[in-house]
Amino acid sequence: MSDDDPDFAGLFPCEPRLPCQLYLISPPAFDLEAHAEALEQALAARGPVAAYQLRMKGAPDAMILRAAARLQPLCVAHDVAFIVNDSAELAAQCGADGVHLGQEDGSILHARALLGAHAQIGVTCHNSRHLAMEAGEAGANYVAFGAFFESGTKAVRHRATPDILAWWTTISPIPCVAIGGISPSNCRPLVAAGADFLAVSASVWKAPEGPAAAVAAFRL
């Protein structure tokens, strides 16, 4: 995707809200070629995948950039937004569609200056309405709430409940992402509450039936 792609501006729309879609998040560590194959399978599945986040906590920058060079073209080929976790600088270096910022990963203003007006900037807001409102006021393209369930990908420090999604969608047109242990079997309350995107990782990459079948199992 490029800044000139007319469809990209509507990926995280203001209004009206689109049906809920999937936001894939990479495993924290992986064999690059094996994961590239799994990602290709997931993106080729008949499922509502809108975005993919490269999340390699603690990996050297060179390793992250190498992974981005291999995985980003797969996302482009399937018209899926490629997002880099934590670092606006790395997102800029690899020409990503955007960045996802944790609460300690720098400001939205700084990320916007690096990535430009069309970049998609998301912010982790845990279970905090205050953090979400701050992010929205600062110009975030989406806010992420969680964790909603126990997660096999990261330690759960904050627990959210579906009511925060329902609250957010009544006060803001900015899309919200639900994250944390989400699977096809437990996602329905989050969709019903108003989640615009479901961030999923282990339920796709570790699915016994494979990533394509796992993506297809999300009937949103």
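Taken together, the values in this text are just the output of simple stated rules run on the coordinates, not laboratory data. Keep in mind that this is a model prediction, so the values were computed, not measured. Every residue, glycine among them, receives a Cβ derived from its backbone with ideal geometry; neighbour counts consider all protein chains shown.
Kirkwood hydrodynamic radius (Cα pairs, Å) of segment 79-145? Walk me through the numbers on the way to the answer.
Values: mean 1/r = 0.0862 Å⁻¹.
Hydrodynamic radius (Kirkwood, Cα pairs) of segment 79-145 is 11.6 Å.
With +1 assigned to the C-beta of every Lys and Arg and -1 to the C-beta of every Asp and Glu, and no other charges, what is the dipole magnitude of segment 110-220 about the Cα centre in debye, to the nearest 20? Please report the intermediate quantities before stating the final value.
On the way: 8 positive and 6 negative charges, 36 e Å.
Roughly 180 debye, rounded to the nearest 20.
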Subject >> Debye, to nearest 20: dipole size of segment 18-217, +1 on Lys, Arg Cβ, -1 on Asp, Glu Cβ >> reply: 320
Original post:
Stretch residue 37-residue 127 to full length: gain in nm at 0.36 nm per residue minus the Cα-Cα span?
Top reply: 29.0 nm
**OP:** State the answer as a single residue: which of 107, 51, 205 lies farthest towards the positive end of the charge dipole of the chain, with beta carbon charges of +1 for Lys and Arg and -1 for Asp and Glu, about the Cα centre.
**Re:** 205
Original post:
Which residues make up the longest stretch of the chain clear of GluC sites (Glu not before Pro) that lie in a DSSP loop with no more than 10 other Cβ atoms within 10 Å, not counting the sites?
Top reply: 1-103
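For a quick check: sort 145, 197, 218 by the number of other beta carbons within 10 angstrom, fewest at the front.
Fewest-to-most Cβ neighbours within 10 Å comes out as 218, 197, 145.
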Subject >> Cut-off 15 Å between beta-carbons: net charge of the residues surrounding residue 184, Lys and Arg +1, Asp and Glu -1 >> reply: +3
Original post:
Add -39500 (n - 2.57) for each DSSP H run of 4 or more in the chain, then divide by its residues: what number comes out at 222 nm, to the nearest 500 deg cm²/dmol?
Top reply: -10500 deg cm²/dmol
**OP:** Pick out which of 106, 194, 47 has the largest mean-square fluctuation in a Gaussian network model of the chain, springs linking Cα atoms closer than 10 Å.
**Re:** 106
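Could you list 126, 78 so that the one with the fewest beta carbons within 10 Å of its beta carbon is first and the one with the most is last?
Numbers: 126 19, 78 15.
So the ranking, lowest neighbour count to highest, is 78, 126.
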Original post:
How big is the shadow of the Cα convex hull of segment 128-214, averaged over all directions, in nm²?
Top reply: 5.8
**OP:** Return the sequence-ordered ³J(HN,Hα) values of segment 17-32 in whole Hz as given by the Karplus equation 6.51 cos²θ - 1.76 cosθ + 1.60 applied to θ = phi - 60°, using x for Gly and Pro.
**Re:** 6, 7, x, 4, 10, 8, 10, 6, 10, 5, x, x, 8, 6, 6, 4
Original post:
Projected onto the charge dipole of segment 18-217 (+1 at Lys/Arg Cβ, -1 at Asp/Glu Cβ, origin at the Cα centre), which of 62, 214, 82 gives the Cα projection farthest towards the positive end?
Top reply: 214
Original post:
So how far, in whole Å, is the C-alpha centre of segment 127-201 from the one of segment 66-117?
Top reply: 20
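Roughly how compact is the chain, stated as its Cα Rg over 2.2 N^0.38 Å to two decimals?
Values: Rg = 15.8 Å, N = 220, 2.2 N^0.38 = 17.1 Å.
Normalised Cα radius of gyration, the chain: 0.92.
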Subject >> Radius of gyration and maximum dimension Dmax of segment 108-170, Cα, Å >> reply: 13.0, 35
